[in-house]
Amino acid sequence: QVQLVESGGGLVQPGGSLRLSCAASGIIFSRYAMGWYRQAPGKQREFVATITNNFLTNYADSVKGRFTISRDNAKNTVSLQMNSLKSEDTADYFCNAQAYGRTYWGQGTQVTVSS
């Protein structure tokens with residue numbers, strides 16, 4: 001059974017930082033591209049960042065220079081370091097795993113950026 005479990009969300013002030021983590025099980029983690037997506041209230045889910053199995057990264061323009069995605073294949077985890085957070089970053093953040101035509105999603109973790 002594939003499981004992606006996100007953690008690290010919470011309430012943070014504008015300009016602050018948070019680090020999200022996603023622990024994967026039930027997949028050969030090192031073979032999967034891992035990503036983060038987010039969904040703000042009343043909006044569609046949108047791409048945030050991905051990291052391939054070869055550690056190549058890609059970011060949405062809205063987070064470039066502020067967010068950093070990384071992975072630890074020994075621990076089967078993918079992380080998202082979020083700095084200089086803005087109110088518009090408020091959303092539920094979802095972990096995503098893709099390979100072999102399959103896509104898996106976590107349940108999400110909530111991030112609220114507010115003073």
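The values are calculated or read from the model by the stated rules, or taken from the named source; none is laboratory data. Quick caveat, the model's predicted, so the values are computed rather than measured. Glycine also receives a Cβ, built like all others from the backbone with ideal geometry; neighbour counts cover every protein chain displayed. Accessible surface areas use protein heavy atoms only, side chains included; no ligands, DNA or RNA. Shrake-Rupley method; radii C 1.70, N 1.55, O 1.52, S 1.80 Å.
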Query raised in the report: Of the residues E6, E46, which single one is touching a Cys at 6+ places or on another chain (Cβ under 6 Å) and acidic (D, E)?
Result: E6
**Report entry** Hits in segment 47-77 (condition: closer than 18 Å to V5 by Cα and of a type in the set (A, V, I, L, M))
**Finding:** V48, A49, I51, I69, A74
Query raised in the report: Looking only at segment 1-24, which residues are open to solvent by 50 Å² or more (accessible area, probe 1.4 Å) and of a type in the set (G, A, S)?
Result: S7, G15, S17
Report summary line: Inside segment 30-52, the number of residues satisfying the requirement of being farther than 15 Å from A91 by Cβ, free of Cβ contacts under 8 Å to residues at least 60 places away in the same chain and open to solvent by less than 40 Å² (accessible area, probe 1.4 Å) is 2
Report task. Those residues that are in contact (Cβ under 8 Å) with a residue 24 or more places away in the chain and under 19 Å from T103 (Cα atoms), I need them from segment 53-63; list them, please. Result -> N53
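Let's see how each residue does on (1) farther than 23 Å from S30 by Cβ; (2) buried (at least 21 other Cβ atoms within 10 Å of the Cβ); (3) at pLDDT 95 or above:
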position	(1), (2), (3)
D72	no, no, yes
N76	no, no, yes
Q81	no, no, yes
N96	no, yes, yes
W105	no, no, yes
Q110	yes, no, yes
